[in-house]
Amino acid sequence: MLDEFGFTFLDLDTWNKGYEEQVTIRQTLLNPDKPYQFYRNGSLVSLTAAERTAAGIKINVSSAGTDSDNQPAYSFRSTQVNGGENNPTSFSNLTATTPTTAPDGGEALMQQQAVQLNFLSTSSFVVRLSAVWPNYDTYIDFSSTEVNPHTSGNDNVGMAGAACTACTGQFPRANGRNFLFGVTGNIIASPSPPPRSPPPPQNPSPCPDPNDAEGDAGSGAGTEAGSGDTLLAHCRPSPPPPSPPELGSPPKSPPQMPPGYLQMAGGYYMIESGSCGSGLISTTSECDAAATALDLPDMTSADNT
């Protein structure tokens, strides 16, 4: 879907034997502030009926009709007889600020025979393109309808009547019509969506059960603090919910450490057996911090990897 764009129909003109080109579109499909515009000296402008006449616009605009669904519609109908001699060859013909007037009306006539339809927040639209007989808006059964006018090359079309006693109910000579169109103006696309928020931080890994695996001493992947094979682990286990106090019970003793744990302080643990899992200290700086938190006698670490 595009936020805003313009769609221009060019070279709306009339066949010299009678048919007029017409574009019809539902009114609610167009930008309500500027549903359609015309070219005047290379610029798109909104014009009243009087201003269109003064500017020499060769398109008749009507808002009285309906589309195929019987909804109010605009129709844009040619009023100037022309063939292919003045067809635009480039959009620059419409944007020329000093349009030529020759040959065959030049760029000035090309601009007078073009109309731009303006859309908002639109991905598709329906438009009706038709070639209609002068003074008529819909299909004509020429075999039973007296028509007027009669043009050169189609003198005896329609049913016989006062205006044409020689008419025999014949249809006009077949003729194809070409509609030129293109997208113009600024195409304004919606901005890209904002980036996704980063995922929330994960909770620290729970402290492993020291009885689940053999100790890590001698693995060569840790950093020693002090002497011996004692290792330090930094992990934050989720404590179990406290039990409700019992009335009259004596004060409880401090919580017991898990088996294999010798000391814990400041989120650090010192174990003599079991496994640190993913919480094993692997840098000298963190080892020094753990030794300080646990108040070890030797607070200077050495890297033995």
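Can you tell me the accessible area per residue over the range 10-163, all protein chains present, probe 1.4 angstrom, in square angstrom? Let's see the in-between values first.
Values: 7490 Å² over 154 residues.
I get 49 Å² per residue for the range 10-163.
For residue 183 and residue 87, what does the FRET efficiency come to when R0 = 22 Å and r is the distance between their Cβ atoms, rounded to the nearest 0.05?
Details: r = 18 Å, r/R0 = 0.83.
The formula returns an efficiency of 0.75 here.
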Worksheet item: Which of the peptides 287-293, 110-116 is most tightly packed, and how do the rest follow, judged by the mean count of other Cβ atoms within 10 Å per residue?
Response: 110-116, 287-293
Worksheet item: Counting only DSSP beta bridges with both residues in the range 1-87, what percent are antiparallel, rounded to the nearest 5?
Response: 95
Worksheet item: Label residue 70 and residue 138 with points 7 Å out from Cα along Cα→Cβ: what is the distance between them in nm?
Response: 1.1
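The values are calculated or read from the model by the stated rules, or taken from the named source; none is laboratory data. Model, not experiment: these values are computed from the prediction. Here Cβ is always computed from backbone atoms with ideal geometry, including for glycine, and neighbour counts include all displayed protein chains. In case anyone asks, the SASA skips ligands and DNA or RNA and just uses the protein heavy atoms, side chains included. Shrake-Rupley method; radii C 1.70, N 1.55, O 1.52, S 1.80 Å.
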